[in-house]
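Notes to accompany the following structure.
Read the figures in this text as sums done on the coordinates, not as results from a lab. None of these values were measured; they are calculated from a predicted model. Because the Cβ atoms are built from the backbone with ideal geometry, glycine has one as well, and the counts that use them run over all protein chains shown.
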Amino acid sequence: MRKIDELACVASEEKPDLILVTESWCHSGISDEFLSIDGYVLQTDLRMDRSDTAQGRGGGLLIYAKNGVVVTKLENSVKFTQYCCFLVHDITVYLIYRSPNANAETMEAMTELVRSVGKNSIMIGDFNLPEVNWRTGETSRRALAFVEAVEDSFMTQMIDFPTHTKGNCLDLLLTNMPERVTEVGDAGRLGSSDHVMLAFRVQSGLFIPAAKRVKNWRRADWRKIREEIGQVDWRQELTGLTTDRMWAVLKRKVDAAVAKHVPERIEACRGRPCWMNQQILAAIRRKKRLWRKVRGGLITEEYKEEDKKVKNLIRNAKRRFEKRLAAKESGSNRQVFAYIKRKTKSR
């Protein structure tokens, strides 16, 4: 949960269109609602929990899209256990996780997947191939067929810096349209993860998020709604109907009145956790600056202290916010129910 909270803070600062997560360690006991992030939609049809380990622990994939970004799921074409693919604009994205203990069959399936990609494709994720030197092409016998498949498919590996705290490049970005991928970089660590976050920009044309329209109940004309409902001859409408049919008729009449007499408004998007404050934001920025100084070397005590500070600030801010909600003495409970709704509903 701590990493989800910090991820929500980082997302509100960086504002990426997509958030791709590997090694989520999610399982059936973790609900989609628990994983929700303000301003983003968890793509539940693309969520993949690992099922080939004890109790389903380890691995796992999650994909978040900023409100308004359309993500279309594509069916998997290869029997590789930990990958999903989807379409955004004209780009096909593959999110990959390969366990470091994966067997030879898994490597063969991943190699087959690389050979199957079409144009305008990006493969990103944790491939766990520290033995491959992408600058020189040197590799082990185990990964030789995979490297050859990357070359035969005219794909370019875009990551040229260590992505693991031990100095290995385990996370890759493979694409057959390198001219459209820009600003690839290290975005720091999330919590105490031993991998870094990757940030990159892809040229995909103009994107305008779709505005979400909701009912403006404050401006509803309740008098006209009551008049319209009151003029219905309910005895004539409902006589002889089953309970289900009665409900359908009642709902249709009420919906028609609401559509006529309740205007719509564009819903404001927070895009940040309701408990987040400037102190948390400043600490996250400082942690990121400190990581830039230490990456590739030993993690300093100063960085560890800042990482611990971020965790404590987030935990305390959430606790204070929830206590304020619980102690609220005004007559309105809207904030309480809005907060509960965000935690118990997944779109």
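For the reader, a short list of remarks on this structure follows.
- In the stretch 31-133 the Cα-Cα distances spread across 5 Å bins starting at 0 as 2, 11, 21, 23, 20, 13, 8, 2, 0 percent of all pairs.
- Two-decimal Rg to Rh for the chain - Kirkwood Rh, Cα set: 1.06
- Residue-wise HN-Hα coupling along the stretch 183-195, computed from phi with Karplus coefficients 6.51, -1.76, 1.60 (Hz; x: Gly, Pro): 6, 6, x, 8, 9, x, 9, 9, x, 9, 4, 8, 10
- Neighbour counts of C-beta atoms inside 10 Å place GLU13, GLU301, GLU227 in the sequence GLU301, GLU227, GLU13, starting with the fewest.
- Helix axis angle, 141-152 relative to the chain longest principal axis, alpha carbon, degrees: 70
- In terms of other Cβ atoms within 10 Å, THR243, THR92, THR44 run from fewest to most in the order THR243, THR44, THR92.
- Note on the chain: GNM, Cα springs under 10 Å; of HIS195, HIS164, HIS89, the largest mean-square fluctuation is that of HIS89.
- Using alpha-carbon coordinates, inclination of helix 2-14 to the longest axis of the chain, degrees: 90
- Beta bridges from DSSP with both residues in the chain: antiparallel share about 85 percent, rounded to the nearest 5.
- ASP17 long-range amide H proximity, modeled H, under 5 Å: none
- Neighbour counts of C-beta atoms inside 10 Å place MET107, MET246, MET123, MET276 in the sequence MET246, MET107, MET276, MET123, starting with the fewest.
- Considering all different alpha carbon pairs of the stretch 213-266, the Kirkwood hydrodynamic radius works out to 12.2 Å.
- With respect to the chain, whose longest principal axis is taken over its alpha-carbon atoms, helix 278-294 is tilted by about 10°.
- Sequence-distant lysines (8 or more away, or on other chains) whose Cα lies within less than 20 Å of LYS309: LYS3, LYS287, LYS288, LYS293, LYS318
- Per-q log10 I(q)/I(0), the stretch 2-202, q = 0.09, 0.13, 0.16 Å⁻¹ (Debye; single scatterer per alpha-carbon; no solvent): -0.32, -0.70, -1.12
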